[in-house]
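One structure is given here, and the rest of the page talks about it.
The values are calculated or read from the model by the stated rules, or taken from the named source; none is laboratory data. Everything numeric here is computed off the predicted structure, so don't read it as measured data. Counting neighbours? That spans all protein chains shown, and the Cβs are built from the backbone with ideal geometry, glycine included. For accessibility, only protein heavy atoms count, side chains too; no ligands or nucleic acids. Shrake-Rupley method; radii C 1.70, N 1.55, O 1.52, S 1.80 Å.
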Amino acid sequence: MNKEVHYKIYKPYGYLSQFVNHQNKRKSKKLLSDIFNLPENLMAVGRLDEKSEGLLLLTTDGKFSNYITSTNIEKEYHVMVDGIITADIIEELKNGIEISVDGKPYKTKPCKAHILNDASHIFDRFVRDERHGITTWLSITLIEGKFRQVRKMTAKVGLPTLRLVRVKIGKYKLGKMQPSEILEIKANY
């Protein structure tokens, strides 16, 4: 019997959350297989879009993947936005926001949100020059994961996302990992 393997990686900015490219229009895109030499049957648990970075779980175990994606597992994101976050905006985010999913209105489930006063734990990457305006960091913790949900939520409250870093999936944390770093983990579910 084959032993299932599980990893956590820091998916760098600019990479797709996949190992093989099956689309002609994405021929020049960077893939995880450009960084990691891993088993062929490895799959990403959930996704981070090309412009997002941070914690991504990889597994050969479909049951583990299903457990993480189909239950109310919390996913925490640290988000740099364009502008100043107010207490009213935090409350609006916490209560759920109407966004568009597949071209239809969708109200997000209530979530946890707060201003992040210290983002020193996040790998430093240039986003834009300070003269282009104030940026603020916030933490958003969701139990769902609609396509580009966090970006749509912050845009809806007038604070476009400039940087999005997933720092936690359930009990698995990014911690002090650096972009392109990989660690084998144990799956308990």
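Numbers at a glance
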{"item": "Sum of -39500 (n - 2.57) over DSSP H runs of 4+, divided by residues of the chain (222 nm, nearest 500)", "result": "-4000 deg cm²/dmol"}
{"item": "Overall form of the stretch 81-136 per C-alpha gyration tensor (a/c, 1.5; a/b vs b/c)", "result": "prolate"}
{"item": "Charge dipole (debye, nearest 20) of the stretch 1-153; +1 at Cβ of Lys and Arg, -1 at Cβ of Asp and Glu", "result": "580"}
{"item": "Amide N proximity, the stretch 145-189 versus residue 88 label position 7 Å along Cα-to-Cβ, cut-off under 16 Å", "result": "156-159"}
{"item": "Residue-wise HN-Hα coupling along the stretch 30-44, computed from phi with Karplus coefficients 6.51, -1.76, 1.60 (Hz; x: Gly, Pro)", "result": "8, 10, 4, 5, 6, 9, 10, 10, 10, x, 4, 8, 7, 10, 6"}
{"item": "DSSP bridge orientation in the chain - percent antiparallel, rounded to nearest 5", "result": "90"}
{"item": "The chain - percent of accessible surface contributed by carbon and sulfur, probe 1.4 Å", "result": "49"}
{"item": "The stretch 1-140, relative contact order in percent, only Cα pairs under 8 angstrom and at least six apart counted", "result": "22"}
{"item": "Filter on 8/112; 3/94; 75/156; 3/112; 51/186 - keep pairs with C-alpha separation over 32 Å", "result": "3/94; 3/112"}
{"item": "For q = 0.22, 0.23, 0.30 Å⁻¹, Debye-computed log10 I/I(0) when each Cα of the stretch 126-189 counts as one equal scatterer", "result": "-1.13, -1.18, -1.39"}
{"item": "Calculated on alpha-carbon atoms, Rg and Dmax of the chain in Å", "result": "16.9, 58"}
